[in-house]
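What follows is one structure encoded as structure tokens, with my remarks underneath.
The values are calculated or read from the model by the stated rules, or taken from the named source; none is laboratory data. Owing to the predicted nature of the structure, the values given are computational and were not obtained by experimental measurement. Counting neighbours? That spans all protein chains shown, and the Cβs are built from the backbone with ideal geometry, glycine included. Remember, those area values only see protein heavy atoms, side chains included, never the ligands or the DNA or RNA. Shrake-Rupley method; radii C 1.70, N 1.55, O 1.52, S 1.80 Å.
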Amino acid sequence: MTTTITITGAGGQIGYALLFRIAAGDLLGPEEKVRLRLLEIPQGLKSAEGAALELQDGAFGLLEDVEVTDAADTAFAGCDLALLVGARPRGPGMERGDLLAANAGIFGPQGVAIAENAAPGVRVTVVGNPANTNALIAAASAEGVPAERFTALTRLDENRARAQLALALGAPVSDVRRVPIWGNHSATQFPDVSHATVAGRPASEALAERFDDVTGWLESSFIPRVAKRGAEIIEVRGSSSVASAANATIDHVRDWVHGTDDWTSAGVVSHGEYGVPDGLICSFPVRSIDGQWQIVDGLEPDAWAQARIDASVAELVEEREAVRALGLV
Ligand code: NAD
Ligand code: LMR
């Protein structure tokens, strides 16, 4: 069996980092053949065509076919997995809100093209920022496709949070589990360590041994470091994160398709869980079971955590209002 994967913005930086890992089997495993459809705008076609030539030169045994196009209908024809990466990235000094209007126009038409052309079980992962609201716009435009098939990438934030917690505790990152991200993929996000474990032990115990004032450390160091890591990367590299974003995209899609044995994070549609308004694409602690994301239930955020979740959700509501005013959802 062959999986058809559409990557938008395939001529861009994240696209370039994604394509070769997908062709090498990192996304779906060493048995699953893949067919790649690369969507670009006319200015980006040459770059995507160059990547397609290099994919040929990789002689990847799993890669059946590569097609480069600037026509969304062609790109999404029979698509099983859609990775919506193409968007305008944030530059130094820009906030995500600045990008709303610029990117909103991209994701509506792509939602329509997905509804009209993709395979019935299509799964969509939005990477392009502002990812949550772009996913909302695409879902709203994709008549007949359940909103549950549209997700926003917050796995990069979770990976960052696990890495920072590991660093603070001097533990291997592979020992750190359950650090979910709540809310928006933005500086308001809430990386939540309250359920985290390190080598099976509650992280709260290890943190209390390491810091006199754990809440102070979370507020002044850990949370801003994770939530503003995107801006830090832009500042240091001069452009936004690429390989780590591609890596997180692979993690997200692989887990969605193959399932998880523990919690992770994804921006998924809310049905009112944890007081998050219906219909928002919000990051929650999730599990992937039988090919579907399921929000972890029964958690009881304390007042401190709930205030942070509420603040990020309020930003998502504002973004939804802004795109509503543009007639997009
Ligand atoms: P890039 O500028 O290198 O590439 C973007 C590509 O998209 C360009 O080649 C451009 O031609 C193409 N494009 C623009 N509009 C398009 C359209 N309508 N259809 C198809 N292609 C189109 O940017 P990048 O570094 O690859 O980043 C891509 C996006 O991912 C940005 O929005 C960035 O902010 C976002 N991002 C998200 C995360 C996350 O965790 N969610 C992390 C890093 C970056
Ligand atoms: C990131 O988190 O690295 C990206 O979303 C880029 C950005 O604008 O922060």
Subject >> Model label zone, Phe20; criterion: amide N under 19 Å from point 7 Å along Cα-to-beta-carbon; scope the range 243-268 >> reply: 243-251
Subject >> In Å, descending, principal axis extents of the Cα set of the chain >> reply: 57, 45, 40
Subject >> Expected-Rg normalisation [2.2 N^0.38 Å, Cα atoms] applied to the range 2-152 >> reply: 0.99
**OP:** Can you work out the accessible area per residue across the range 155-320, with the rest of the protein chains kept in place, probe 1.4 Å, in square angstrom?
**Re:** 42
Subject >> Protection proxy ranking, peptides 56-64, 132-140, average beta carbon neighbours within 10 Å, highest first >> reply: 132-140, 56-64
**OP:** Give the carbon-plus-sulfur fraction of the accessible surface of the chain in %, rounded to a whole number; probe 1.4 Å, heavy atoms of protein chains only.
**Re:** 50
Original post:
Under a 5 Å amide H to amide H cut-off, with H placed in plane at 1.01 Å, what residues pair with Val66 once short-range neighbours are removed?
Top reply: Leu36
**OP:** Quickly work out the Arg237-to-Glu148 label distance, labels modelled 7 Å from Cα along the C-beta direction, and quote it in nm with one decimal.
**Re:** 3.4
Original post:
If the label point is 7 Å along Cα→Cβ of Arg254, which residues in the range 31-54 have backbone nitrogen under 17 Å from it?
Top reply: 31-34
Original post:
On average, how much accessible surface per residue is there in the range 2-152, in Å², for a 1.4 Å probe, leaving out ligands, DNA and RNA?
Top reply: 39
Original post:
What does the highest-first list of 18-24, 292-298 look like by mean Cβ count within 10 Å?
Top reply: 18-24, 292-298
Original post:
Taking the mean number of other Cβ atoms within 10 Å as a proxy for protection, how do you rank 76-87, 5-16, 246-257 from highest to lowest?
Top reply: 5-16, 76-87, 246-257
Original post:
What is the P(r) of the range 155-320, as percent of Cα-Cα pairs per 5 Å bin from 0?
Top reply: 2, 9, 17, 22, 21, 17, 9, 3, 0
